[in-house]
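Below is one structure, written out as structure tokens; the observations come after it.
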Amino acid sequence: MIQPAQPDLVTVYIDGKEIAVPKGTNVIEAAKMVGTDVPHYCYHEKLSVAGNCRMCLIELGMPMADRATREPIMDPETGKQKINWIPRPQIGCGTTVVPGMHVKTQSKMVKECREGVMEFLLINHPLDCPICDQAGECKLQEQATGYGRGYSRFIEQKNVKPKRTQLGPRVTLDDERCVLCSRCIRFSQEVAKDDVLGFVDRGSYSTLTCYPGKELSNNYSLNTVDICPVGALTSTDFRFKMRVWFLKQTDSIDTESSVGANTVVWSREGEIYRITPRQNDEVNDTWMADSGRVLYKEVQADNRLKPSSELATSVSAAASLLDDGNVAIVGSGRSSVEEQFLTAKLAKKIGAASYVVGRHGEGDGILISADRNPNTRGALVTGLISELPTTELSQLAADIDAGKVTTLLSVGEDLTAAGLSDEQLAKVNLVYVGSHSNATSAAATVIIPTLTVFEKSGTFINQQFRIQKFKSAVPGLKGAADDRVVLASLLEKLGDEAKGSDLASVWAEIAETVPALSGISYANVPKSGLLIDGSAWSGLDFPEGESLHFKPATAEASA
Amino acid sequence: MSAPAERRIIFKHIDEEGYSNDIACYQKHGGYEILKKAVTQKPEDLRDEVKKSGLRGRGGAGFSCGLKWSFVDRKSGKPIYLVVNADESEPGTFKDRYIIHQDPHQLIEGTMISCFANDVKQAYIYIRGEFPEGARILEQAIQEARDAGLVGKNICGTEYSCDIFVHRGAGAYICGEETGLIESLEGKRANPRIKPPYFPAVLGLYQCPTIVNNVETLCHVKHILDMGADEYLKIGTPNNTGTRIFCVSGHVQKPGYYEYACGEVTMGQLLNDVCGGPLPGRTFKAVIPGGSSAKILRFGEKFTIKNKDGTTKEWAVEDIPLDFDSLAAAGTMGGSGGVIVMDDSVNMVEALANINAFYAHESCGQCTPCREGSLWMKKISSRMVKGEAREEDGELIKNVADQIAGRTICAFGEACSWPTQSFVAKFGDEFKSYKDDKNSKSSDSLELV
């Protein structure tokens, strides 16, 4: 046997293929590393092992050795050490690798086990795929095709269980479809820390339900829908809306807080149907909050700002107002790095003071942090601000009252929510660049309607100083302009050298002028993001507490 | 050939005139003397003695008690628990309840000795919910022993302290599976745990090292230390030491419980001589030797058994000596000692339908093959009994059983599939012809839930 070079690696043989895997790896993961799929339902890499579905049964063997002398027993035919195969199949999920372990994932016994489990799972399943939302992304469908017999021997009455149970405000349960894998129960206990789900009754009549008087209403409830391998748990919002195979998937980022959970936006013909988490083991694992999944509704919200004039006209009007000398700019922690860079550049160009509105809430310790801006660090890195933003713009209010500021540009921020009064807004020439109407847009002299995060592309820098990409999932509202284009046009109008507003051009400039982002381009930010050096801002007292994969710098230092 | 006399050790005082279940009576008969002696000895010496005695678990699996104790992780720094499995639920088994009802102090003494031998400070008796009277008796007996300084603080005036709590189950067969029992004891659903990693001896009750022993097993411990392992080894046959209690039910003249040295009597002696043979005008058809989950034996079938010297011998059912290894050699098991006898009035499809209904009802529902398979088997056999049998049903039901055994989290997979596998294998003709066999078709009274 070849000894692995690193002590923390274990050499195993999957269907004869040798591979060194980290100590503690289970057989399913080890098989994955050699490109072999071991089918399973209950196992989930981010949850504890339950071992109840029995789909991942494999054959296990260990090299034979003489009991007394520990000498290996060799097979004279092959010249290799004989393998002692365990007669009972073992579960891949619950079996941790040990040196020299041999695994068969394709043997006759394994195939029979899978056929048996598939048949058992289907006998009481309603087989209502034509009306089931999970169809197309259903493990039961996939594995029935891959490992099932293809016909049924069951002629008895199927069990009857509750249909359409509302487990909570966002999750609907069909118990007849449930394969009792307990993933949702383990998720609720282990990740959401909200132990409300359990099984009642026993045997084949076991039924998933909420404990009496409880409901599945925590802000992570929809993750149970994501991890449900079948169509038992469905999103009440998405239910019956669209066949999943029609949907286009676009990588995006959750904008609720500085955690920056990675997401996928599912759309068809310019309309978004759902948002689900995208796995990033450094940020959000495979989870996201429920609150981030409904944000797409802002795309078609009633208060979307619709363009009333040509972009060039409104940009000219805005530029002439901004050319006044007593300008202040309120940028946004919700703007992308690119937009913040251009906002900062604009402020510098016209000598304006720049602000960002702080947004704070309580962190939930999981995937919502105390800083509810997705890109506060972007504002710091691009130089839009040099201190942490505050929720009240009291300095700006004082400057307006003192007549020091007579023109104001707001990038998407409702200034009345940041402590400015209607009277103060009435005193200044107000330019509003944003996607939705509010008290500030109502008071604005010039309004330039722009796009939501789902209609444009860019980057955010999260609490870890990880720069992450989001991409345009659907085309923008007709006539509304990309914020980046608006800001670049304003700069050009105000006498800046034209450098192009496309992402590549803006990034060429960013990489050159922003030290922390040098050498980066939009194209080379990987799918899982890129950590940048945030040490220049380590002295700031960021509001975030501990959350999944994140420890505040102060806690890290004291630890 | 007549049967030898019973050898009552565990059941010595059961049904004895004038024997009561209070501590005074127990002590008058020499009770707690072994415990008093044991606590002056070294725990490891006691363990060695039990290991040497070859005692095998009386709950069903027949696993070596000494070996089980030797697996206990004694270096973890965590407390070690001992749990008495009094969840006697295997259909056809009724031995533990008599110990509990009539001789509870025997169990308590055996338990306390075993606790001392394993450095246990806390023991639990997990008693099935259907034994309310047994639980009451045990509570009272434990209190008596506590008052006498035999349970609780400073046992027999020594430094050693250990208490016993009685925990009542809520009525589920699966609570008798040791890891299911532990889950239930922790207040959860009795879903058996996956092994690895949750071997009770290492990660048992509250994730601490735990010993789970059957009631009768712990009583044997007392007698082993009383007579010494060498004497105990003389009872029974090699590797099948001590006595066994057979709970005979069904179609015999004198059903009941009988205690014999392991292997001392054959099946024929037990049923014909001890239990008085079949009911008048009937003949024996089949017998399940170790609780309803054990594989059935058909009268008339022959077993070719290999001797140690390589020669073979032939056994009829009547010839099988009643010990663990002989029954295993005949393809079944000694199990819990529940001997269920069926005569020629029984239709095997209907008998299996009854057993299948039980196991479908008792599957915990955690893992797929047992959960779905047990109910499917029940649905097939119930449908057959209702008069909708098909010729292929026997083969199908056996194939379903084949898809369960060996693929589940706990031994319930085997428990629910062995009856079906063995019934169809040995009475396949009855399953084939059941469709047309009008005479054997059941009355409506066999409507199974």
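Pairs linking a residue in the stretch A:40-69 that is within 14 Å of chain B (Cβ to nearest Cβ) and farther than 23 Å from A:Ala144 by Cβ to a residue that is aliphatic (A, V, I, L, M) and outside any strand (DSSP E or B), with Cβ atoms under 6 Å and 6 or more positions apart or on different chains, are A:Leu60/A:Ile86.
Criterion applied to B:Val252, B:Val287 was being modelled with pLDDT of 95 or more, within 19 Å of B:Gly60 (Cβ to Cβ), under 23 Å from the mean Cα position of the chain (by Cα) and of a type outside the set (Ser, Thr, Tyr), and the one residue passing it is B:Val287. Being touching a Gly at 6+ places or on another chain (Cβ under 8 Å) and not assigned by TED's automatic domain parsing to the domain that holds A:Lys348 is the requirement here; does A:Val327 meet it? For A:Val327, the condition - touching a Gly at 6+ places or on another chain (Cβ under 8 Å) and not assigned by TED's automatic domain parsing to the domain that holds A:Lys348 - is not met.
Kindly establish whether A:Glu298 is touching a residue at least 40 places away in the same chain (Cβ under 8 Å), part of a loop (DSSP other than H, G, I, E, B) and not polar (S, T, N, Q). Criteria not met by A:Glu298. Here A:Val196 passes the criteria (1) over 19 Å from B:Gly187 (Cα atoms); (2) in contact with a helix residue (DSSP H, G or I) (Cβ under 7 Å, 6 or more places away or on another chain); (3) free of Cβ contacts under 8 Å to residues at least 40 places away in the same chain except the one numbered (1).
All conditions but one from (1) within 11 Å of another protein chain (Cβ to nearest Cβ); (2) of a type in the set (Ser, Thr, Tyr); (3) in a loop (DSSP other than H, G, I, E, B) apply to A:Ser204; the one that does not is (3). Scanning the stretch B:170-192 for residues that are touching a Leu at 6+ places or on another chain (Cβ under 8 Å) and not in a helix (DSSP H, G or I) yields B:Glu186, B:Ala190.
Checked against the criterion of being within 26 Å of A:Trp266 (Cα to Cα), in a loop (DSSP other than H, G, I, E, B) and among the aliphatic types (A, V, I, L, M), the candidates A:Ala504, A:Ala523 yield just one match: A:Ala523. Just to be sure, is A:Gly168 modelled with pLDDT of 95 or more, of a type outside the set (A, V, I, L, M, F, W, C) and part of a strand (DSSP E or B)? The answer is no for A:Gly168. Residues that are away from every other protein chain (no Cβ under 11 Å) and buried (at least 20 other Cβ atoms within 10 Å of the Cβ) number at least 1 in the following helices (runs of 4 or more DSSP H) confined to the stretch B:338-432: B:348-362, B:393-402. Each residue in the stretch A:207-229 was checked for being within 22 Å of A:Leu121 (Cβ to Cβ), more than 12 Å from chain B (Cβ to nearest Cβ) and not in a helix (DSSP H, G or I), and 3 of them qualify. Mind checking which residues of the stretch A:116-128 are surrounded by fewer than 17 Cβ atoms within 10 Å (Cβ to Cβ) and either of a type in the set (Asp, Glu) or in a helix (DSSP H, G or I) (or both)? Listed by number, the list holds a single entry, A:Asp128.
Scanning the stretch B:108-152 for residues that are more than 24 Å from the chain's Cα centre (by Cα) and among the small types (Gly, Ala, Ser) yields B:Ala145, B:Ala148, B:Gly149, B:Gly152.
Does A:Ser188 meet the test of being within 14 Å of chain B (Cβ to nearest Cβ) and touching a residue at least 12 places away in the same chain (Cβ under 8 Å)? When the stated conditions are applied, A:Ser188 does not pass them. When the stretch B:103-139 is filtered for residues that are assigned to a loop (DSSP other than H, G, I, E, B) and surrounded by fewer than 20 Cβ atoms within 10 Å (Cβ to Cβ), the ones remaining, listed by number, are B:Asp119, B:Lys121, B:Gly129, B:Glu130. Return a yes/no flag: does the stretch A:86-104 have any residue that is at the interface with chain B (Cβ under 9 Å from one of its Cβ atoms) and not in a loop (DSSP other than H, G, I, E, B). Among the residues of the stretch A:86-104, at least one is at the interface with chain B (Cβ under 9 Å from one of its Cβ atoms) and not in a loop (DSSP other than H, G, I, E, B), which makes the answer yes. Looking only at the stretch B:140-161, filter to residues that are buried (at least 20 other Cβ atoms within 10 Å of the Cβ) and without any contact (Cβ under 8 Å) to a residue 60 or more places away in the chain; which one of those is farthest from the other protein chains (Cβ to nearest Cβ)? That would be B:Val151. Just one of the numbered conditions (1) within 14 Å of chain B (Cβ to nearest Cβ); (2) basic (Lys, Arg); (3) touching a strand residue (DSSP E or B) at 6+ places or on another chain (Cβ under 6 Å) is not true of A:Lys241: (1).
From the list B:Phe199, B:Phe131, the lone residue that is among the hydrophobic types (A, V, I, L, M, F, W, C) and within 14 Å of another protein chain (Cβ to nearest Cβ) is B:Phe199.
Annotation: of all residues in the stretch B:202-222 being out of contact with any Lys or Arg (no Cβ under 8 Å at 6 or more places or on another chain) and hydroxyl-bearing (Ser, Thr, Tyr), the one that is nearest to B:Tyr98 (Cα to Cα) is B:Thr210.
For every residue, the table says whether it meets (1) more than 15 Å from B:Arg7 (Cα to Cα); (2) within 16 Å of the chain's Cα centre (by Cα).
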{"position": "B:Lys195", "(1), (2)": "yes, no"}
{"position": "B:Arg244", "(1), (2)": "no, yes"}
{"position": "B:Thr266", "(1), (2)": "no, no"}
{"position": "B:Leu271", "(1), (2)": "yes, no"}
{"position": "B:Arg282", "(1), (2)": "yes, no"}
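Apart from one condition, B:Val202 fits all of (1) surrounded by fewer than 21 Cβ atoms within 10 Å (Cβ to Cβ); (2) farther than 30 Å from B:Ser76 by Cβ; the exception is (2).
Taking the conditions exactly as written (touching a strand residue (DSSP E or B) at 6+ places or on another chain (Cβ under 8 Å), within 19 Å of A:Leu451 (Cα to Cα) and at pLDDT 95 or above), does A:Ala301 satisfy them or not? So A:Ala301 passes the test. Every condition in (1) within 11 Å of chain B (Cβ to nearest Cβ); (2) modelled with pLDDT under 95 is met by A:Gly150 except one, and the failing one is (1). Within the group A:Thr145, A:Thr207, which residue is farther than 30 Å from B:Glu392 by Cα and surrounded by fewer than 20 Cβ atoms within 10 Å (Cβ to Cβ)? So the residue among A:Thr145, A:Thr207 that is farther than 30 Å from B:Glu392 by Cα and surrounded by fewer than 20 Cβ atoms within 10 Å (Cβ to Cβ) is A:Thr207.
Results for (1) under 16 Å from A:Pro39 (Cα atoms); (2) within 26 Å of the chain's Cα centre (by Cα); (3) part of a loop (DSSP other than H, G, I, E, B), shown as yes or no for each residue.
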{"position": "A:Glu142", "(1), (2), (3)": "yes, yes, no"}
{"position": "A:Arg149", "(1), (2), (3)": "yes, no, yes"}
{"position": "A:Ser152", "(1), (2), (3)": "no, no, yes"}
{"position": "A:Glu156", "(1), (2), (3)": "no, no, yes"}
{"position": "A:Val160", "(1), (2), (3)": "no, no, yes"}
{"position": "A:Arg177", "(1), (2), (3)": "no, no, yes"}
{"position": "A:Cys181", "(1), (2), (3)": "yes, yes, yes"}
{"position": "A:Arg186", "(1), (2), (3)": "no, yes, no"}
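When A:Val196 is tested against (1) farther than 30 Å from B:Ala401 by Cα; (2) surrounded by fewer than 20 Cβ atoms within 10 Å (Cβ to Cβ), just one condition goes unmet, and that condition is (2). Within the stretch B:219-249, being touching an Asp or Glu at 6+ places or on another chain (Cβ under 8 Å) and either under 25 Å from B:Gly281 (Cα atoms) or outside any helix (DSSP H, G or I) (or both) holds for B:Gly228, B:Gly236, B:Thr237, B:Asn239, B:Asn240, B:Thr243, B:Arg244, B:Ile245, B:Phe246.
The values are calculated or read from the model by the stated rules, or taken from the named source; none is laboratory data. Worth saying up front: this structure is predicted, and the values here are computed from it rather than measured. Using ideal geometry, Cβ is built from the backbone for each residue, glycine included, and neighbour counts are taken over all protein chains shown.
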